[in-house]
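The next block holds one structure in the form of structure tokens; read it before the comments.
The values are calculated or read from the model by the stated rules, or taken from the named source; none is laboratory data. Values in this document were obtained by computation on a predicted structure and should not be read as measured data. Cβ placement follows ideal geometry from the backbone for every residue including glycine, while neighbour counts extend to all protein chains displayed.
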Amino acid sequence: MSIIVYRLFRKKRTYFSIAALLFFLYAYDFMEMRISSETFRQILSENPFGYEAKFDFYEFDGRKVRYLEIGNDSLPLIVFIHGAPSSSSFWKGFLRDSSLLAHAKLMAVDRPGYGYSGYGEPEVSVKKQAELIAGIIKEKRGRHPAVILHGSSYGGTVAARIAMDFPKLVDGLLLQSASVAPGEEKTYDFSYITEYSPLRWLLPGSIHVANQEKLSHQVQLDSMVNFWGRIRAAAIVLHGDADGLIYPQNALYAKERLVNASYLEVQMLSGGKHDLLWTQRGLLEASLEKLLQLTAGKIQYSDGLQ
């Protein structure tokens, strides 16, 4: 009898754990992944210049991407590209930053499948994601003296692909904790279990999209191997040497491949993990400001490897 009770208890505990996990995933998804344009506009209105964020959609090849802009059209443009699972809402702090707004117009996108860009519908092709975001930049490029991309995690993959496929569009590139080296990252069993079982249909849309992307990372990164020499932009690569999700080898790979970057600086942050977006915000903002200076010609281009 005690064995039967134990097995029933263990089974109930397993079901409870799954239910609890799904609850927290949905709660997290609801709170962080989809901020409506009106609510987001109100959040971003709390900036020292009184700028109002403008939201719009770009459509290409059957996909729509939501993006927002805030700031002065005559200044350089910084484009923020998020990781997974995430959305443009993760850039709230940067988009209200007084120093960045004083020197640049800011843009953030919901990558395909996230936020309000066809939520829950994956687009695993990095090339297609790059085409979509590049299409937005092309429409704005003539207004701005320079364009800088800040790609975080898998957003760094997309940012690098944009700089490869559209080198004339991109003047500066900040790759932060970026996934760029094929096979140099951790894939949790959770991704395999949920994508190849009935649990897939219980997942929030953003988690499903992130899983689909994760399981295609190596194929997508392999497809980029021969194109790194196309990147001409000034580039800064920041990575934590204790990153257990996107391994530090990614930064070393970028250092080897960015042979034609007009400026290259690689920083490996001691003890840094995959949370630089929160723990190293000051450094990220300083790096963006450095790229603004570089692209404006205020700092002489040189090899800035560290």
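Does the stretch 268-281 contain at least one residue that is at pLDDT 95 or above, polar (S, T, N, Q), in a helix (DSSP H, G or I) and assigned by TED's automatic domain parsing to the domain that holds Ala130? The answer is yes; a qualifying residue exists. Each residue in the stretch 95-121 was checked for being within 17 Å of the chain's Cα centre (by Cα) and crowded, with 18+ Cβ neighbours inside 10 Å, and 15 of them qualify.
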